[in-house]
Structures are given as structure tokens and as C-alpha cells.
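Before any comments, here is the structure.
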Amino acid sequence: MANTKSAIKAARKTVRLTARNKATKTRLKTLHKKLDAAAKAADPTALKTAAANYASAMDKAVKSGVVHKNAANRAKSHAAIKLKLAA
């Protein structure tokens, strides 16, 4: 167990941030699955909406520090390629 006041606070903070990160990453995975499903269904409007939602969620994850900027750019690029191939 933590001995100092700062270590106790850091332990509380870790629990809170871990929960936030897990929720964000789970949401990203769900949106990615929806993007893949829309790509397989070949529905251009659904695919465009799913890609926009996924890119927006990635940007928000970067802003909160959950995902690295380059990883998000790579993921958004892959989504744009799927969108372009469907068109």
C-alpha cells in the first residue's frame, strides 16, 4: 500500500484515469467494428457516417491523451482508404 500522501493520491488518480481510458478505448473499438461492418455492407451513407464518427472519436481520444497522435492519424487514414475504396 502507498505510504505517502502523494502516493495515495496518485493511486486514486490512477484508478480514475484507467477507467476513463478503458471507456474511451472500448468506444473506439466499437466504432471501428461499426466502420468495418458498414464497409462490408457496401452502404456508402452508413460508411461515411461511421468514418466520420470514428475520426471524431479518435481526435477526442488524442485530445484527452488516451491515444497517440500518430496512431490516430494512421487509424483515420485507414478509415479514409476504406471510404475511398467503397466509392
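What follows draws every value from the coordinates through simple rules; no lab data is involved. Since this is a predicted model, take the numbers as computed values, not measurements.
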Which cross-chain or sequence-distant (5 or more) residues have an amide H under 5 Å from the amide H of Val67, H modelled 1.01 Å from N in plane? Val62
From the coordinates shown, Cα Rg over 2.2 N^0.38 Å corresponds to which of (1) 1.43; (2) 1.20; (3) 3.00: (1)
Can you compute 3J(HN,Hα) from phi for each residue in the stretch 5-18, using the Karplus curve 6.51 cos²θ - 1.76 cosθ + 1.60 with θ = phi - 60°, rounded to whole Hz and x for Gly and Pro? 4, 5, 5, 5, 5, 4, 5, 4, 5, 4, 4, 5, 5, 5
Mind pulling the angle between the C-alpha long axis of helix 69-86 and the longest principal axis of the chain? Nearest 10 degrees, somewhere in 0 to 90. 20 degrees
Mean residue ellipticity (222 nm) of the chain, computed from DSSP H runs ≥ 4 via -39,500 (n - 2.57), nearest 500: -30500 deg cm²/dmol
